[in-house]
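See below for the structure under consideration.
All of the numbers you see were taken from the coordinates with simple rules; none came from a lab. Bear in mind that the values here come from a model prediction, so they are computed numbers and not experimental data. No Cβ is skipped: glycine too gets one built from the backbone with ideal geometry, and neighbour counts run over all protein chains shown.
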């Protein structure tokens, strides 16, 4: 099981660290436009790798991606350097789209030429419209975005903190865009099978929504980049693909009904997302999801028209 990572910045390095410590893959190759940086990340990881499940680590050019089962795309400007850290800006991560789309137009054809059979996992922000662009550039549908899996975990963590329980005891999902138009599914959130709306006041719900929606900005304000959570999430998605788990995860996949990549629960395995599930939603949540899809359609039109 071979994984490639394109981009050895903070997020790419965090993805590599999570893959190594979790034992997600047998072989990991890191590619970066600055070869010295990729080489340094590999060297750093290699010194700790003897304490982890067996893995072969290497750096190289795109040709070394040959035979990869999955390639993570992490290249691009992040929220801090791209000026996407204003909570009052409705564009949010979409402010990074034009710059990162240019980077993807360069790297995706090189990845596909080297590893034509690989599933592509878009980690770069904003991941959903970039996944649609990557899908067009790759010429196949084995393209995923990390989507709202991290948002859903943030939702569970903040809910659990308010309820005084372990996050593992909370079931809650975020769907739609990985961005400011994302939709928190309060109607189906459960704690031990009990609807959480019965245990939380409206003002508490609003506070949790803010905490989840702008968690990345809060992290960046203290640590320059949001990296470790998404690294773990990317490794988990890789595991589902590499092991053909057919796990149900809320991640981004192209949805013909909406005409864009967005997050809904999907069955994840060797070919990417093989089936998209439709969770129960209130009328308000359904309308919000449609609005989120429209935001993504407009974003995609911006980079493909």
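General remarks:
- Rounded to 5, the percent of DSSP beta bridges in the chain classed as antiparallel: 50 percent
- Using alpha-carbon coordinates, inclination of helix 10-22 to the longest axis of the chain, degrees: 90 degrees
- Peptide packing for 33-42, 275-284 was compared via the average number of neighbouring C-beta atoms within 10 Å per residue; ordered from the highest value, the list is 33-42, 275-284.
- Ordered by the number of other Cβ atoms lying within 10 Å of each residue's own Cβ, fewest first, 45, 51 fall into the sequence 51, 45.
- Rounded tilt (10° steps) of 228-242 against the dominant C-alpha axis of the chain: 70 degrees
- Listed from fewest to most Cβ neighbours within 10 Å, the set 112, 196 follows the order 112, 196.
- Order of 194, 174 under a 10 Å beta carbon neighbour criterion, fewest first: 194, 174
- When the chain is treated as a GNM with alpha-carbon contacts under 10 Å, the residue of 84, 160, 256 showing the greatest mean-square fluctuation is 256.
- Note on segment 1-58 and segment 135-200: Cα centroid distance 28 Å, given to the nearest whole angstrom.
- Annotation for residue 224 and residue 207: the two label points, set 7 Å from Cα along the Cα-Cβ direction, are 3.2 nm apart.
- Angle in degrees between helix 35-48 and the longest Cα principal axis of the chain, rounded to the nearest 10: 80 degrees
- Percentage of interatomic Cα-Cα distances in the chain larger than 27 Å: 38 percent
- Scaled to the globular estimate 2.2 N^0.38 Å, the Cα spread of segment 2-145, given as radius of gyration, is 1.03.
- Label-point gap, in nm, between residue 86 and residue 169 - each point 7 angstrom along Cα→Cβ: 4.2 nm
- Estimated [θ] at 222 nm from DSSP helical runs (n ≥ 4, -39500 (n - 2.57)) normalised by residues in the chain, nearest 500: -14000 deg cm²/dmol
- Extension gain from residue 99 to residue 56, taking 0.36 nm per residue of separation minus the Cα-Cα distance: 12.2 nm
- Choice from 165, 111, 260 showing the highest fluctuation, given a GNM over the chain with Cα pairs closer than 10 Å: 165
- Compactness ratio for segment 166-305: Cα radius of gyration over 2.2 N^0.38 Å (N = residue count) comes to 1.11.
- With the simple spin-label model, which puts each label point 7 Å out from Cα in the Cβ direction, the residue 247 to residue 187 separation comes to 2.8 nm.
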